[in-house]
């Protein structure tokens, strides 16, 4: 039982660290310990590491570390793409090596040997499609079409010029400092794809998340059915109840079955837990991005709206405070009826009336938002880039 508790605690800690690292900046975790763990993992720990390197090895070694950081984080590189291919290849190899010998089995037919390979191959194809597709690069010959497709809302997007590309900057676009290009309907730069996620390839990114969620779920269920089949084929429940005298109830049998599985099929158990955790993370990512798409919002715009709403709320609070101060000063100069302490205590503060509404003009309803993601403006016939006239 101690080993089982140790494994359970290890799994929970691993899940907490992974969620904090990947999802710590999500709005739902703002102000929580998950956001603080994310900050430590992404900034705090690295800052302490740099200080340690400089104190022990000197500034030259620190500059070498910063050069590696620049290559890995501030310019396009295939490191995370290679890591993804390594993870999916190694995971599939261990699943095939540890579980294919039991397929066909009691619950699974032999076809799953081939469907699993096909599912992984499709996942890699979607990954490559997302990685190497054009995210919607804004160029001089297409900027006028993007300006028409995405009008300025004069709230979080105003008319301006990209200081790097020297072309008008359409609403919802952003100049990616890593890729060094303006991207229409910019969502974020994905290191795993080594590519921006924008107007043209958001649909592929969503397909990647959804497909890999089902892929991990398929692997989890398939390994679970393999283990359930081994329990049936080896008659483990019969042996435990008849030969060892254990009561034939789920509550009594469960600890012994888990102990037997951990001893005999620990590789399969670890793979199943790993796939289940990744499936949960992918479900969260897909749900978050699907919600953004259905409300016609991007990750970049989410943070812009948050900044705008916070700024507006502070502005309204300052105005309300100023009005309250003026009212109190004018009240001191004129005779007024005294207000009881209880009435003053329950009086509604003018700050409670402050309400900042998000006015997203790009949200045109479920159908149009969904259509804009699946069939981007730049892929439609009406979107015909103006060719520069020569001479």
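What follows is calculated from the coordinates using simple rules that are stated; it is not laboratory data. Keep in mind that what you see is a predicted model, and the values were worked out from it rather than measured. With ideal geometry, Cβ positions are generated from the backbone for all residues, glycine too; neighbour counts draw on all protein chains shown.
One table, with the values for the structure above:
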| quantity | calculated |
| --- | --- |
| Inter-label distance, nm, simple model (7 Å from Cα along the C-beta direction), residue 94/residue 320 | 5.4 nm |
| Potential extension, residue 214-residue 12 segment - 0.36 nm per residue separation minus Cα distance | 70.5 nm |
| The chain: angle of helix 202-233 to the longest principal axis, Cα-based, in degrees nearest 10 | 30 degrees |
| Residue-span extension gain [residue 308 to residue 384] - 0.36 nm each, minus C-alpha spacing | 24.0 nm |
| Acute angle (nearest 10 degrees) that the helix 299-332 long axis makes with the longest principal axis of the chain, alpha-carbon atoms | 40 degrees |
| Radius of gyration and Dmax over the Cα atoms of region 123-183, both given in Å | 13.3, 41 |
| Percent RCO, i.e. relative contact order, over the chain, from Cα pairs under 8 Å lying at least 6 residues apart | 16 percent |
| Two-site label geometry, residue 74 and residue 87: point separation in nm, points 7 Å out along Cα→Cβ | 2.6 nm |
| Projected label distance in nm at residue 57 and residue 246, using a 7 Å step from Cα toward the beta-carbon | 5.1 nm |
| Cα-based convex hull volume of region 1-74 per residue, rounded to whole Å³ | 133 Å³ |
| Descending principal axes extents, the chain, alpha-carbon based, whole Å | 94, 82, 58 |
| Alpha-carbon centroid distance for the pair region 87-128 / region 130-181, whole angstrom | 41 Å |
| Peptides 62-68, 370-376 ordered by average Cβ neighbours within 10 Å, highest first | 370-376, 62-68 |
| Modelled FRET efficiency - R0 22 Å, residue 101 with residue 124, Cβ distances, 0.05 increments | 0.35 |
| Rounded to 10°, Cα long-axis angle of helix 59-73 versus longest principal axis of the chain | 90 degrees |
| Candidates 312, 268, 81: whichever shows maximal mean-square fluctuation once the chain is modelled as a Gaussian network with Cα springs under 10 Å | 312 |
